1. Taking amide hydrogens as modeled 1.01 Å from N in the peptide plane, which residues meet the under 5 Å criterion relative to PHE119, leaving out close sequence neighbours?
2. Summarise the accessible area of the chain (1.4 Å probe, protein heavy atoms) by the percent that is carbon and sulfur.
3. Provide the per residue accessible area, probe 1.4 Å, for region 3-118, rounded to a whole number of square angstrom.
4. Please report the relative contact order for the chain, taking Cα pairs under 8 Å with a sequence separation of at least 6, and give it as a percent rounded to a whole number.
5. Can you list residues whose amide H is under 5 Å from ASP109's amide H, if they're 5+ apart or on another chain and H is modeled 1.01 Å from N?
6. Rounded to whole Hz and in sequence order, give me ³J(HN,Hα) for region 72-82 from the Karplus expression 6.51 cos²θ - 1.76 cosθ + 1.60, θ = phi - 60°, writing x for Gly and Pro.
7. What does the charge add up to near PRO2, with Lys and Arg as +1, Asp and Glu as -1, over the other residues with Cβ less than 14 Å from its Cβ?
8. Going from most exposed to least, what order do HIS162, HIS191 have by accessible area with a 1.4 Å probe?
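The values are calculated or read from the model by the stated rules, or taken from the named source; none is laboratory data. Just so we're clear, the structure is a prediction, and the values are computed from it rather than from any experiment. Cβ atoms come from the backbone with ideal geometry, glycine included; neighbour counts cover every protein chain shown. Note: areas computed on protein heavy atoms with side chains; ligands, DNA, RNA excluded. Shrake-Rupley method; radii C 1.70, N 1.55, O 1.52, S 1.80 Å.
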Amino acid sequence: MPELVFFSGTMDCGKSTLALQIAHNRDARGLQGVIFTRDDRAGTGKLSSRLGLVTEAVEAPEGMDVYAYLVDQLSQGGKADYVIVDEAQFLAPAQIDQLARIVDDLGLDVYAFGITTDFRTKLFPGSQRLIELADRIEQLQVEALCWCGARATHNARTVGGHMVVEGEQVVVGDVNTAAEVVGYEVLCRRHHRRRMTSASSRAASLSPDVLPVTPA
Ligand SMILES: [Zn+2]
């Protein structure tokens, strides 16, 4: 039976690498996939991993009907044996419904890879819909680690090394604003709650007078 599978994890847990591996294994058996992505770090229409591998992909912008795209491809004689979606958290809930329809009506396996929660620990709408609809949810086994060595379960957004908990849900890539560098860091829940990034832990250990900020 074809399945909608949600491979979930934090940032840096190797999601895109696994997506590329799945595509490679299937291609080697003569199967052809359609790869969708959204806002990949390598640019529009790319699926890339932090290990440096890149492949062509179909950009799935807001408002695109991914089910209709597949039907269109197939009706024009295109071949598709499976579908991979990277950065699936960025898809709209309606697009996740379209993925389920690709499984049910077209009989294709769909492998969606995404982060479950944002830097405020809230579910991305796309990930929420995947949790609601997926036949199977796989927690990725390559564990990202917090600076303290514990398993990193939460994504933090940093501005100039300091963790922030306010702002837009989606800021694509590592964006340099006028004065401060916006980045991301994975943390264990304890250090996410204490807003303690690797930079702030170093600063705290270097200056014993300064106590780390511990919000209630
Ligand atoms: Zn930690």
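1. For PHE119, no residues qualify.
2. Taking all protein chains in place, the chain shows 50 percent carbon and sulfur surface.
3. Ligands and nucleic acids excluded, the figure is 42 Å² per residue.
4. Across the chain, relative contact order equals 22 percent.
5. Those qualifying (amide H under 5 Å, at least 5 residues apart or on another chain) are GLU3, VAL83.
6. Running phi through 6.51 cos²θ - 1.76 cosθ + 1.60 with θ = phi - 60° gives 4, 4, 5, 6, 8, x, x, 10, 8, 9, 7 Hz.
7. Surrounding charge for PRO2 is -3.
8. HIS162, HIS191
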